[in-house]
Amino acid sequence: MILKRLMLVSLLGVALAANAQDEMWDKSASGRQHPNIQWFKEAKFGMFIHWGLYSKLGGVWNNKRYYGSGEWLMNQAKVPADIYAAEAATFNPVNFNADEWASLAKEAGIRYMVITAKHHEGFAMYDSKVSDFTIVKSTPYKKDPMKALADATRKRGIQFGFYYSQFLDWHEPNGGGNRWDFDESKKDYQRYYREKSIPQLKELLTGYGPLGIVWFDMPGGLTKQQTQQLVDSLRVLQPASLFSSRVGQGLGDYRDFGDSEVPPAPINEVWESIYTHNDSWGYIEHDMNFKSPREIIRLLANVASKGGNLMLNVGPDGKGNIPYYSVQYLKATGKWLQQNGESIYGTTYGFIPAQPWGVTTAKPGKLYLHILDRPADGKLLLPGCAVTVSKVYTLVGKRVLSFAKKGTDVIVNIPGMDAQSPNTVLVVEYQGKAPAYDTAAPVTVSAQFSVNTIEAVHAKMTDSARVKSLTYSHYFGDWKHSVCVTNMMGPKDEARFDIRITEAADYKVILEYACNAESGRQEGSVLVNDKEYLFRTLRSSEFDKSNPLMFIQHAVAITTIGQPGLYTIAVKPLQQGKELFKLKSVRLEPIK
Ligand code: FHN
């Protein structure tokens, strides 16, 4: 069912429903806690490694280049299983060096590592006795790299785990997914589980020492009861090992969000966001869209500020080399973490929601301010800071800063910051009970920043308008998730945003949205400060016809704010009938 859903999503390019992967999480499971969950909660930063036979192919088959998820090459090119398997004869990762990989992880500040033992292609990257399609039996390399890697990571205090695709197996007639070679009506999934999947999982859980995590993926073919039996039969082998939510049927120990997805607001559960470093999980020679250290550090802070872990993927090539930019940028991330790790490891989300200057994380009695953008006047506003602040200082250098309190606002005088720093952290020490995170707090808008983004998640809707997380991909399987206000079909379907403007100024009002041909050229209005401004929608993409969502920024008005205070912005269609657009954010830019 989930597989079908994902296929549909990839065909359509955009899924207008909630993310299918997230359906694997049973919310009632959040009350239950694995006794060994604490290390995971504190770890915050993991390294995912997608490495398999596909890494040797690098996204190219028969001289044709494929884009998106490189580990899906066999499926994308519909390569016959025997022809694909023959590729193993030239897979020889002679440059693989377990100590180098583990040292890189250590230097990057990684606390856990999860590597693909078997991906959907069916190839075991370890010495499996259950199948002949393994790195030991069918390649010139002939060795088991997983043994060495498990030892090298543990030696460095990094938790080690395996990714295992338990249902999809394009090499096997009874495995899920391969319908180009094998007749689906003849598939016996139970037999696949019995003869390959479960025995291989047992090998992994018995032959490689204590595993921090077993990271399942893309469940299928099992009822809840059968999944429970699978879980039980593996649990006894390693009771301390954590199982990812993609074991299916709500039976995991923590929640994984969709690929490359961060929830829009904090979540009080144990969870993980997983991201590719470039556009693909598996190595693709021509994929150079690597996230910079700045992007990784900010992503890490953003995920931590919502209470989760970030597991960032690298895709080593067929020789066993981790791509140059992954190595460099992970090391740079590690440098930042060496100095600022206190504000990430062992934290949870802070009680102050995202501000124009950045995000917050917390430990008992301490609030960490991650300053991603410095206010021009050097005065940092902490709204809703209903605690007794005793001290504010820079995390690096421990420079004590002065601050003032006005009601529940705290205003910190911040020093000139290193403009190059991706994230400058301040520590607020306080007494008293941290107030609850206020999801309904007005969004701060300040003239001290070049732009203020009011995200769709803050919308209060009337009538049929709805906030939804939309899933789509640009290439194949490089999933993106955007939270948008949708279903604004007529004048009653309004999205309202409560904001607090802290300085009088003229602000440009910009709508960020995706709009297809059908929705193009419709009239809408924005009400700000008691004045209504009209606009006509601009078409941005054809997301309903196998194309992804593309967002544009459409400036629609200037509003003159004479007094700081609370305001509301309301967006709505003027005519009935068609969806106005998918509204991702409203941006307010002070006019200079
Ligand atoms: O299909 C896989 C994909 O190749 C990759 O392994 C990701 C990682 O989360 N999981 C699946 C899709 O969700």
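The values are calculated or read from the model by the stated rules, or taken from the named source; none is laboratory data. The structure displayed is predicted, hence computed values, not measured ones. With ideal geometry, Cβ positions are generated from the backbone for all residues, glycine too; neighbour counts draw on all protein chains shown. Heads up: the accessible areas ignore ligands, DNA and RNA and are worked out on the full protein's heavy atoms, side chains in. Shrake-Rupley method; radii C 1.70, N 1.55, O 1.52, S 1.80 Å.
Taking 27 Å as the straight-line reach from the Cα of K224, the lysines in range (excluding those fewer than 8 positions away in the same chain) are K4, K27, K41, K118, K186, K187, K196, K202. Relative to the compact-globule estimate of 2.2 N^0.38 Å, the Cα radius of gyration of the chain comes out at 1.01. H458 contributes an accessible area of around 60 Å² to the protein surface, as traced by a 1.4 Å probe with all chains present. Normalised by the number of residues in the stretch 379-455, the average gap of Cα pairs under 8 Å and 6 or more apart makes the relative contact order 34 percent. Considering only N452, Q38, L511, and ranking their Cα positions along the charge dipole of the chain that arises from unit charges at the beta-carbon of Lys, Arg, Asp and Glu, the one farthest toward the positive end is Q38. With both labels modelled 7 Å from their Cα along Cα-to-Cβ, the E269 to V451 distance reads 3.1 nm. Helix 145-155 and the longest principal axis of the C-alpha atoms of the chain enclose an angle of approximately 50°. The Cα trace of the stretch 350-438 gives Rg and Dmax of 11.9, 35 Å, the first to one decimal, the second as a whole number. Dipole magnitude for the stretch 362-467: about 400 debye, using +1 per Lys or Arg Cβ and -1 per Asp or Glu Cβ, origin at the Cα centre. Which values of log₁₀ I(q)/I(0), to two decimal places, follow from the Debye formula for the stretch 36-343 at q = 0.06, 0.07, 0.11 Å⁻¹ with a uniform point scatterer at every Cα? Here the Debye-derived log intensity ratios amount to -0.18, -0.25, -0.63. Rounded to the nearest 20 debye, the dipole magnitude of the chain is 940 debye, with +1 charges on Lys and Arg beta carbons, -1 on Asp and Glu beta carbons, and the Cα centre as origin.
Looking at the stretch 385-487, the trypsin sites (Lys or Arg not before Pro) that sit in a DSSP loop and have at most 12 other Cβ atoms within 10 Å of their own Cβ are K398, R399, K433.
How high is the relative contact order of the chain, in percent, counting Cα pairs under 8 Å that sit 6 or more residues apart?
Reported as a whole number, the value is 15 percent.
Counting only protein heavy atoms and using a 1.4 Å probe, the accessible area of S482 comes to about 10 Å².
Quick check on my link table: of K492/K582; K460/K492; K379/K508; K480/K508; K143/K319; K44/K460, which ones sit more than 20 Å apart, alpha carbon to alpha carbon? Result: K379/K508; K480/K508; K44/K460 exceed 20 Å. For V359, the residues whose modelled amide H falls within less than 5 Å of its own, excluding neighbours fewer than 5 places apart on the same chain, are H370, L372.
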